[in-house]
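A.B. asks: Below you'll find the structure I mean.
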Amino acid sequence: MSESLSDKLVSTLRIAAQAYAPGDQVAPCAVLWADPERLWEGVVPLLQELAPELFVLGEYAAEKRSGPALWLRCIEARCVDGAPPSGTTPIFYLPGISREKLRAAEHCPQELAVLVELQHRGVVWLHTNGKEWTPYGFLVSKHGGLNLDVAKDQATLDALTGALPILLGTPVFELLGRRLDGDFFNGMVAPDATGLLLRWLSDPDAFLKCHSDAEWKAFCEQCKTDFRFDPVKEGPLKAAQLLSGRDNSWGKVWQRFAETPVSYKGIVHWLKRAAPKEASIFDTAEVWPDINEREERALQQALTKLADRPQHEAITGIAELEKQHAPRRRYPWQQLGLSPLATALEPLAHVAHACQTVPGAPTPEAYAENYASSGWQVDAAALAAMGACGTQEQHGALLGTLRSVYLPWLEATARQLQQLIRARGLAVAKRAKPLEPAPGRLVLFADGLRMDVARQLAEQLAGAGIESTQDWEWSTVPSVTATAKAAASPIARKVQGGEAGDAFTTRLINTGQTLTQDRFIAALKESGWQFLRSDQTGDPSGSAWTEAGALDKRGHNEGWKLARSVETEVRDLASRISALLTAGWKEMFVVTDHGWLLLPGGLPKVELKAGLADHRWGRCAAMKAESQTDVPTLKWHWNEEVVIASPPGVGCFRASMEYTHGGISLQEMVTPVLHISRGGPSGGLVRLVEGKWTGAKCRVSVSGDADGFSVDVRNHQADSETSLLANKQAVKITAGDKVTVFLDDDGSMGKQAEIVLLDPAGTVIDSLQTTLGE
C-alpha cells in the first residue's frame, strides 16, 4: 500500500516525539503543534483517524478528542479517560496559537498558562527555521518535509488551502517529480475523470482507501458516463485492456498517461497482465511494456556482439540500431526508466558518428583550437553514454561497444597531437601570463575540469543568468597536478623545477623548498592574493584564489563511473560560483591544471621497465639520467634537463587504468578557461543597487533587464520560509528598475536582514545586507 501524504504527516509528528537521546534525556511528554494561522485546522479530524494520540485545543468534546488547555494537561498526566496508553506520546494541536505566545509566559493568556511548561518537558513541532510548520512549508522543505516542487504564487497558496483535505489522501509518490501549482490543486478539488481513472488504475487499493464511499460512487458513475466502463463490475484488468486499445475516449486517457507516466507507475503492472499471450504485428512496444522489455534484451544482445568488432563495423552496426530503437525513446517506458539501453544508444550513436573521421591540423595550436571549439563534443557524448548505464549486464554491452568506436579515435587524435608537439621541439608553452592581483578579481581552481565538463558548467551558469566566455590554455608536460597546478596559478613565476626524483613537484625559487599546499597558500598571500576555504567568500575589494570540485579525486576512485558524478560536480561548482558573485566579486577566472582520459575497460598497456625511471605514473615517467627507452620522451615543463617518458597514443604504463592523465592528448592537454564578469549599473547582469526604507516600506533599485525577476526580504537569503514580506511572497519587478516591498510585521524594524534578488527560476542571484526600516 502506497504511503499517503497524511501517513507521512502523522509519521513526521511521531518522529518529533522521538528526537531525544535515551540515557541522557527523558522522552518528551507531549508534541505541541502550534498553528497560529489555523492553516491545518480543516484536516485535523482526518488526521485523528490515523493518530489516536492526536488531541485538539478547543471546546470540550471528548468524543472528538477536543478540550480546553486544562483538559489537555490532564490528558498528558493520564488522569482522565481517553488518554493515550503509557509509552505513546500525545500530540496537542493548538489552532490560533503561536510558539511565541507560549514562550511569553508572563503575557500568555490565563486559559493557556497550564500548557506553558509543556514546551520545556515536551517538544514543539517546528520547521528548521524555528517557525511553525505551514502546509506549503511541509510540502517543499528538504529538512523534515517532502521536498516537493510547489509554486509559490498566491493563486497556488489559495488553491492549496482548498485542496488540502484531498491532498492528504494522495500517495506521496504521485507528487514526486512534478510541478505542483494552482491548476494542479484546483484539479484535485474539481477533478477530471481522466486523472481519477488513471490514479485508480495505478493503485486501486490506495484509491479506495483515500476516497469516501460517496466519492467512490461518484467516480464509478463518471466512468460509466465518460468511458462506458464500470470499475466495480469490470475491474482494473479490463481497464488496462481498454487503455491499450486507445479507442474513442480511451485515446484521451492514454495521451494523459503517456505525457506523465511517472505519476501512474502502477499502470505498468496492469498492462503487463493485459498483454496478449501471442503478440500480433499490430502489437508494439509503444503500448506494451513486455514488448519494450524484449526489444531492450534484443538491443543488449546486438550491442554485445559489436563490442569486439573493428571500429568501422561497430559504427555501422550502431547506426542501424539507432534507426531501429530511437522511436522507443518517445514511448512512456523511457520516462519510467524501462528503456535504459535505448536511452544510452542516443549519445553512443553521436560518438560513433563523430568517430568516423579524425581531424587534423598543421600546428599544435590549430589542433587545440579545433578541439576547444567542437572536438570536445565527442568526449561529452562518450561521457553521456557511460552515465546512462544501468545494470551490470548493460555495462558489458554498452561499454564494450563504446570502447570499440571511441578508443581508435582517442588513439589517432593523441598520436596526431604528439607528432605535432615533437615537431615543435618536445614541449608546449603557456599561452597567457600568470594573472596579476586586481580589485574584485577571483580565481577559482577546479582540479581536473576537462573541456567538455567546463562546457556543461557554462550552460549551467547561463541557466542561472551568469554569462561566461570560454577560452583554452595548455596544460603542462606532464599533465599532472604536481606540475600543472602551480603553472596555472598566479605564483607561477615564484617556482622552478628540481630533479627527476622530485615526482614532478616544483620548488619555491627563494627557498628551494618543495611546494606543499601550505607553502602554496603562503606564496599566494605574499603575492597579494587571499586564499579562500570552501566555506569562505572573502573580501571582494581585493584579489583571491579558491579551490572547488572533486572531479579528479572521483575519477581516480571511481573509474568510468565518474560519468555518473559529473552532473553533481557541475552543479556544486555552479553553486559555488554563484555564491561568490553574490558576495560581490566582480571578475572570476575558472582555471584547471589538466584534463583526463576516461575509457571503460582501461587504457592499452605500454611496457616501461621500472629500473629506467625515478618515478612512473600511469601516463608519464621521470627518466633516470643516462637511461634509454623506445618510449617517446618530452621535456619537463619546469626543467628541460629532466626527460619525461610519455606512452604513445593513449597507452598507459599501468594496466587496467580507466581514468588517468599525465600524457599528451587533447583531453589531457587542452584545458578550459572560463571568464565571468559581473554586470554593472549600466547593463549586463541583473543586480541589486540599493534599498531605501520608509518605515515598513522599502523601495528597491535594480540594474539590468529585470523582466521576470523578483525581490524578497529574508532573514536567510536562500530560505524562502524566512521571508519577511506579506504571505512570504517575493514581489515581481513588473516595470522599470524599481520595486516597492512591504514588511508583513513592523515589529521586525531595526533588525538585520537581507534583500535578495531572484531570477525567473526562483534562484537567489544577488543580495544586500539591510537594517529593516532604516
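A.B. asks: Does segment 175-194 include one or more residues that are more than 36 Å from the chain's Cα centre (by Cα) and either modelled with pLDDT of 90 or more or surrounded by 13 or more Cβ atoms within 10 Å (Cβ to Cβ) (or both)?
C.D. replies: There is no residue in segment 175-194 that is more than 36 Å from the chain's Cα centre (by Cα) and either modelled with pLDDT of 90 or more or surrounded by 13 or more Cβ atoms within 10 Å (Cβ to Cβ) (or both).
A.B. asks: Oh, and also: Is there any pair linking a residue in segment 281-307 that is without any contact (Cβ under 8 Å) to a residue 60 or more places away in the chain to one that is of a type in the set (S, T, N, Q) and not in a helix (DSSP H, G or I), with Cβ under 7 Å and at least six apart or on different chains, and which?
C.D. replies: 291/284; 292/339; 296/339
A.B. asks: Those residues that are open to solvent by 30 Å² or more (accessible area, probe 1.4 Å), among the hydroxyl-bearing types (Ser, Thr, Tyr) and within 30 Å of the chain's Cα centre (by Cα), I need them from segment 515-563; list them, please.
C.D. replies: 534, 537
A.B. asks: Scan segment 11-40 residue by residue and report those that are within 13 Å of residue 88 (Cβ to Cβ) and either modelled with pLDDT under 90 or open to solvent by 10 Å² or more (accessible area, probe 1.4 Å) (or both).
C.D. replies: 14, 17, 18, 27, 28, 29, listed by residue number.
A.B. asks: To continue, here is another question. List the helices (runs of 4 or more DSSP H) that sit entirely inside segment 43-135 and contain at least 3 residues that are more than 30 Å from residue 745 (Cα to Cα).
C.D. replies: Answer list for segment 43-135: 44-50, 69-77.
A.B. asks: Sticking with this structure for a sec: I'm checking my understanding of the structure. Among residues of segment 275-300 that are assigned to a helix (DSSP H, G or I) and exposed (fewer than 14 other Cβ atoms within 10 Å of the Cβ), which one is nearest to the chain's Cα centre (by Cα)?
C.D. replies: The qualifying residue nearest to the chain's Cα centre (by Cα) is 297.
A.B. asks: Moving on to the next point. Quick check, is residue 601 of a type in the set (Gly, Ala, Ser), over 21 Å from the mean Cα position of the chain (by Cα) and open to solvent by 30 Å² or more (accessible area, probe 1.4 Å)?
C.D. replies: yes
A.B. asks: Then there is this: Just checking, which of 439, 408 is more than 19 Å from residue 638 (Cβ to Cβ), part of a loop (DSSP other than H, G, I, E, B), in contact (Cβ under 8 Å) with a residue 40 or more places away in the chain and more than 31 Å from the chain's Cα centre (by Cα)?
C.D. replies: 439
A.B. asks: For residues that are surrounded by 14 or more Cβ atoms within 10 Å (Cβ to Cβ) and either touching a His at 6+ places or on another chain (Cβ under 6 Å) or of a type in the set (D, E, K, R) (or both), tally how many sit in segment 49-79.
C.D. replies: Of the residues in that region, 5 qualify.
A.B. asks: Of these, 687, 678, 699, which one is open to solvent by 50 Å² or more (accessible area, probe 1.4 Å), within 29 Å of the chain's Cα centre (by Cα) and charged (D, E, K, R)?
C.D. replies: Just a single option satisfies the conditions, and that option is 678.
A.B. asks: For segment 320-337, name all the residues that are of a type in the set (A, V, I, L, M, F, W, C) and either at pLDDT below 95 or surrounded by 14 or more Cβ atoms within 10 Å (Cβ to Cβ) (or both).
C.D. replies: 321, 333, 336
A.B. asks: Looking at the structure I just gave you, is residue 650 part of a strand (DSSP E or B) and either among the small types (Gly, Ala, Ser) or at pLDDT 95 or above (or both)?
C.D. replies: no
A.B. asks: Scanning segment 615-627 for residues that are at pLDDT 85 or above and outside any strand (DSSP E or B), which turns out nearest to residue 498 (Cα to Cα)?
C.D. replies: Step by step, filter segment 615-627, then rank; the result is 624.
A.B. asks: Here's something else I'd like to know. Kindly establish whether residue 457 is at pLDDT 95 or above, part of a loop (DSSP other than H, G, I, E, B) and touching a helix residue (DSSP H, G or I) at 6+ places or on another chain (Cβ under 7 Å).
C.D. replies: In short, no.
A.B. asks: Next question, about the same structure. Within segment 387-395, is there a residue that is touching a residue at least 24 places away in the same chain (Cβ under 8 Å), closer than 17 Å to residue 667 by Cβ and either of a type outside the set (Gly, Ala, Ser) or open to solvent by less than 60 Å² (accessible area, probe 1.4 Å) (or both)?
C.D. replies: Taking every residue of segment 387-395 in turn, at least one turns out to be touching a residue at least 24 places away in the same chain (Cβ under 8 Å), closer than 17 Å to residue 667 by Cβ and either of a type outside the set (Gly, Ala, Ser) or open to solvent by less than 60 Å² (accessible area, probe 1.4 Å) (or both).
A.B. asks: Would you mind stating whether residue 490 is outside any helix (DSSP H, G or I), touching a Cys at 6+ places or on another chain (Cβ under 6 Å), open to solvent by less than 50 Å² (accessible area, probe 1.4 Å) and under 28 Å from residue 635 (Cβ atoms)?
C.D. replies: no
A.B. asks: Out of segment 116-127, which residues are over 21 Å from residue 180 (Cβ atoms) and either open to solvent by 50 Å² or more (accessible area, probe 1.4 Å) or not β-branched (Val, Ile, Thr) (or both)?
C.D. replies: 117, 118, 119, 120, 121, 122, 125, 126
A.B. asks: Identify the single condition in (1) surrounded by fewer than 18 Cβ atoms within 10 Å (Cβ to Cβ); (2) more than 25 Å from the chain's Cα centre (by Cα) that residue 470 does not satisfy, given that it satisfies every other one.
C.D. replies: Single failed check for residue 470: (2).
A.B. asks: Would you pick out the residues in segment 80-115 that are of a type outside the set (S, T, N, Q), open to solvent by 20 Å² or more (accessible area, probe 1.4 Å) and closer than 24 Å to residue 25 by Cβ?
C.D. replies: The answer is 83, 85, 87, 99, 103, 105, 114.
A.B. asks: Mind listing whichever residues of segment 420-465 are among the small types (Gly, Ala, Ser), more than 24 Å from residue 360 (Cα to Cα) and open to solvent by 30 Å² or more (accessible area, probe 1.4 Å)?
C.D. replies: 432, 462, 463, 465
The values are calculated or read from the model by the stated rules, or taken from the named source; none is laboratory data. Here the structure is a predicted model, which means the values were calculated and not measured. All Cβ positions, even for glycine, are placed from backbone atoms using ideal geometry, and neighbour counts span all protein chains on display. Just the protein is used for accessible areas: all its heavy atoms, side chains included, with ligands, DNA and RNA removed. Shrake-Rupley method; radii C 1.70, N 1.55, O 1.52, S 1.80 Å.
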